[in-house]
1. Report, to two decimal places, the Cα Rg of the stretch 126-218 normalised by 2.2 N^0.38 Å (N = number of residues).
2. What is the ratio of the Cα radius of gyration of the stretch 74-120 to 2.2 N^0.38 Å, with N the residue count, to two decimals?
3. Would you please give the residues with an amide H less than 5 Å from that of VAL98, counting only those at least 5 places away or on a separate chain, with H modeled from the backbone geometry?
4. What value, in deg cm²/dmol to 500, does the helix sum -39500 (n - 2.57) over DSSP H runs of n ≥ 4 give at 222 nm once divided by the residues of the chain?
5. Give me the percent relative contact order of the stretch 15-113, please, defined on Cα pairs under 8 angstrom at least 6 residues apart.
6. Where does the chain land on Rg/Rh, using Cα atoms and the Kirkwood Rh?
7. Show LEU130, LEU190 ordered by accessible area, largest first, where the area counts protein heavy atoms only and the probe is 1.4 Å.
8. Keeping every protein chain present and rolling a 1.4 Å probe, give me the accessible area per residue for the stretch 96-179 in Å².
Amino acid sequence: MAATQVTPTRMELTRLKRKLVTAVKGHRLLKDKRDELMRQFLDLVREDMELRVKVEEGIRNANRNFVLAKAGMSEETLRAALMAPRQEVILNQDKKNVMSVDIPVFNYETRTADANDIYSYGFAFTTGDLDGAVKSLADVFPDMLKLAEIEKSCQLMAAEIEKTRRRVNALEHVIIPETQEGIRYITMKLDENERSTQVRLMKVKDMMLQEAHKYKKG
């Protein structure tokens, strides 16, 4: 804060002192928020890495079974078997607030509770490999949904961490130092004015004493 931008008055000094207290408190709170966000973000990243390995393994198993099923069945039979699914998934999205960040929460429910409804075909003309592929996809689906939730949460928290970091830096390197500089400048100017006033008062006192002394001698 340049000295020319500060009015050296006691009112301005009081205002800057209040601003400094608020800025220091805000800086401390934002640092705590940033640190807690980082902690939770790293926990999510670790969970994401573990879950991604599990999901990729499940998808690989499903793909392998689909390849085997395709090798053992005609393309027309395979297409007909998967054309009209009996099961339906209803996806619900909610959200929860974590350190002022609204992260998504995904839940789902199926149209029917029968686990066998994932198979949209009869078993007479299909192979067991197709059953394994469908079962693998059904098993990995909850983990895929959780993975999507975690990765979106990581994106949102990373953006909030960056925003909080910029605010912390602005307070630490700009606002607080400028406010402290303004307080020092005003304090210095007020001290100078007070000393000048004292000097003038002392001179006036000396002049009055000299005048009084001359008057007595006269």
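1. Values: Rg = 39.2 Å, N = 93, 2.2 N^0.38 = 12.3 Å.
Compared with the compact-globule rule of thumb, the stretch 126-218 sits at 3.18.
2. Values: Rg = 17.2 Å, N = 47, 2.2 N^0.38 = 9.5 Å.
Relative to the rule-of-thumb radius for its length, the stretch 74-120 sits at 1.81.
3. Here ILE103 satisfy the definition.
4. On the way: 4 runs with 155 residues, N = 218.
Estimated from H runs of four or more residues: -26000 deg cm²/dmol.
5. On the way: 41 pairs, mean separation 17.4, N = 99.
Taking the mean separation of contacting Cα pairs over the length of the stretch 15-113, I get 18 percent.
6. Numbers: Rg = 37.2 Å, Rh = 24.6 Å.
The Rg/Rh ratio comes out at 1.51.
7. Working: LEU130 0, LEU190 25 Å².
Greatest to least solvent exposure: LEU190, LEU130.
8. Numbers: 4540 Å² over 84 residues.
That works out to 54 Å² for each residue.
The values are calculated or read from the model by the stated rules, or taken from the named source; none is laboratory data. All values derive from a computational prediction rather than experimental measurement. Heavy atoms of the whole protein, side chains included, go into the accessibility calculation; ligands, DNA and RNA do not. Shrake-Rupley method; radii C 1.70, N 1.55, O 1.52, S 1.80 Å.
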